[in-house]
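I have placed the structure first, in the form of structure tokens, so that the comments after it can refer back to it.
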Amino acid sequence: MIDQLSAEQRATLAALWEARAISERGVATVMATLVTQLTAAAADAAVIALAIRAAADELAHAEACRRLASAYLGADVPTALPRPVELTRDPTLDDRQNTTLHVVNLCCIGETIAAAFVETCLQHCEAAVIRGVHRNHLADEVVHARIGWAHLASTAVSDDDRGLIAARLPNLLAVQLAAWESQIAKLPVDGIAGHGYPPRAEVAATVAAAVETLVIPGLAYVGIDVGPASAWLAQRAT
Amino acid sequence: MAPTERIPRLFRAIVVLGASLTTNCGDSAPPPVDAHVVADATIDAPAPKDALVDADLVDTVIIL
Ligand SMILES: [Fe+2]
Ligand SMILES: [Fe+2]
């Protein structure tokens, strides 16, 4: 399968997977930070346990991505170094409130969109090994997204916290969607058939559908007022 | 399948089962967190968890 690719396609795929390995390594650091924050915020034990697992999963993802990059390159790609990550902090809020917003941002929005993204990539995989990597990632992303939904459904989140989330959602969505858009812009326009890269337009449609049909209804499902977020989305679409 | 057609399955796997980990609201099913069950809920067959740590992964990809 790899030998049917042009040298240029191999180089492109190697670069994409190497970048993904570096990004996964960064997410591992973020998840490890989140474990400390959730513990300090007296989050439900089930939520903390999932976050601990997620930190380890992201390290495994980084290694799986590095191996795929090496396979496409035909040479060993070095292991990505751990990256220092600082989560943005709103000084007008206390630590617990900042943690709540981080969980919404990283898990309810980021990992939920990521699960939909990986599922779409999975539709574009031919070889069993590449499918296997995507399927593992998908199963893990589903669990990582659950951290957020489990936390918001727990008694660790108060009614005041819910109001705060509702008010901050447009801002969080704006930042996340901008980040996804800049990542999508780096993908090959037509994708790479059979190798887990759909055409750019399909990725963009998947991200939009994930926000409209997973993130927003999900937040409503756990009792967040999605009025401000829906209004922001509607205005953005015009 | 269009992205939107795949979503209800994901909604249940992510949001409904996720929320059920800390509440009893909305869903009577036990919350599966095992990777195989997750895979069943989201894709057609169990995910081979070992593939991630398979030392032969690189070679296998090369010879595909
Ligand atoms: Fe990951
Ligand atoms: Fe993840």
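Observations
- Given (1) open to solvent by 40 Å² or more (accessible area, probe 1.4 Å); (2) within 30 Å of A:Ala42 (Cβ to Cβ); (3) of a type outside the set (Gly, Ala, Ser); (4) within 16 Å of ligand 2 (Cβ to nearest atom), index of the condition A:Glu58 fails: (1)
- A:Gln37 open to solvent by 30 Å² or more (accessible area, probe 1.4 Å) and within 14 Å of chain B (Cβ to nearest Cβ): no
- The listed residue being in contact with a His (Cβ under 9 Å, 6 or more places away or on another chain), assigned to a helix (DSSP H, G or I), within 14 Å of chain B (Cβ to nearest Cβ) and open to solvent by 10 Å² or more (accessible area, probe 1.4 Å), out of A:Glu212, A:Glu202: A:Glu202
- Of all the criteria given as (1) in contact with a Phe, Trp or Tyr (Cβ under 6 Å, 6 or more places away or on another chain); (2) at pLDDT 95 or above, the one not satisfied by A:Cys107 is (1).
- In segment A:61-70, the residues that are charged (D, E, K, R) and more than 15 Å from ligand 2 (Cβ to nearest atom): A:Arg66, A:Arg67
- All of (1) under 18 Å from A:Asp44 (Cα atoms); (2) within 16 Å of ligand 1 (Cβ to nearest atom); (3) in contact (Cβ under 8 Å) with a residue 60 or more places away in the chain hold for A:Ser154 with one exception: (2).
- Residues of segment A:142-195 that turn out to be out of contact with any Pro (no Cβ under 8 Å at 6 or more places or on another chain), part of a helix (DSSP H, G or I) and open to solvent by 10 Å² or more (accessible area, probe 1.4 Å), as a count: 20
The values are calculated or read from the model by the stated rules, or taken from the named source; none is laboratory data. No experiment lies behind these values; they were computed from the predicted model shown. Positions of Cβ are backbone-derived with ideal geometry, glycine not excepted, and every protein chain shown enters the neighbour counts. For the accessible areas, the whole protein counts, side chains as well, though only heavy atoms, and no ligand, DNA or RNA atoms are used. Shrake-Rupley method; radii C 1.70, N 1.55, O 1.52, S 1.80 Å.
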